[in-house]
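The block underneath contains the structure these notes are about, expressed in structure tokens.
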Amino acid sequence: MIKILKLKPEYWRAMRQHVAALAPLEACGLLAGKGDSVEAVLRVRNAEQSPVRFRMDPQEQFNAFEWIEANGLEMIGIYHSHPSGPETASATDIAEAAYEVVHVIWSRSKRTWKARGFWIEAEEVAEVNIQIVNGQ
Ligand SMILES: [Zn+2]
């Protein structure tokens, strides 16, 4: 279990730009890195094209897994958006959490996007602190 996820500002912005561009549909993607540090943001198409659900396009998800492995990284997070809330994991998110990684959920109030991290395991949800770090 990870309690802190370290994110450079460029990765925070890359995710925010992605989720904002796709709203009001949910956007999703993977976070690759090592340990608790994100080193790449990989967008994946939401096969549902829905404002309230996401399911990663299987081919794009597979390609992302291949890229992560080829680059010697690990999948350490999954992000998706809740354009119309809530800012926490939904019952569906909890029920469908299939990987032991940080689940980053983007939500917005008015025009401001915010990201929160969660560790979901055995239907239990714990908050993961997202830390924006500069450089190395
Ligand atoms: Zn969700």
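The values are calculated or read from the model by the stated rules, or taken from the named source; none is laboratory data. What you are looking at is a predicted structure, and each value in this text was computed from that prediction instead of being measured. Here Cβ is always computed from backbone atoms with ideal geometry, including for glycine, and neighbour counts include all displayed protein chains. These area figures cover heavy atoms from the full protein model, side chains too; ligands, DNA and RNA do not enter into them. Shrake-Rupley method; radii C 1.70, N 1.55, O 1.52, S 1.80 Å.
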Practice problem: Have a look at the DSSP beta bridges in the chain and tell me what percent are antiparallel, nearest 5. | Solution: 70 percent
Quiz prompt | Cut-off under 5 Å, modelled amide H: who pairs with Tyr79 long-range | solution = Gly29, Leu30, Leu31, Val104
Self-check item: Distance (nanometres) between label positions extended 7 Å along Cα→Cβ at Glu96 and Val52
Solution: 1.3 nm
Exercise. Hey, for a label at Val133 modelled as a point 7 Å past Cα toward Cβ, could you say which residues of region 36-73 have their backbone N under 15 Å away?
Key: 36-40
Quiz item: Taking region 72-136 as the region of interest, what is the percent of Cα-Cα pairs per 5 angstrom bin, listed from the shortest bin to the one with the maximum distance?
Solution: 4, 17, 26, 23, 16, 9, 4, 1
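May I have the count of lysine pairs in the chain with C-alpha atoms under 23 Å apart, counting pairs 8 or more residues apart or located on different chains?
On the way: Lys3/Lys34; Lys3/Lys114; Lys6/Lys34; Lys6/Lys114; Lys8/Lys34; Lys8/Lys114.
The number of close lysine pairs in the chain is 6.
Keeping every protein chain present and rolling a 1.4 Å probe, give me the accessible area per residue for the chain in Å².
On the way: 7440 Å² over 136 residues.
With all protein chains present, the chain gives 55 Å² per residue.
Let's see if you can work this out: charge +1 on each Lys and Arg Cβ, -1 on each Asp and Glu Cβ, no other charges. What is the dipole magnitude of the chain about its Cα centre, in debye to the nearest 20?
Values: 15 positive and 18 negative charges, 171 e Å.
My answer is approximately 820 debye.
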Quiz item: When Rg is the radius of gyration of the Cα atoms in the chain and Rh is its Kirkwood radius, what does Rg/Rh come to?
Solution: 0.93
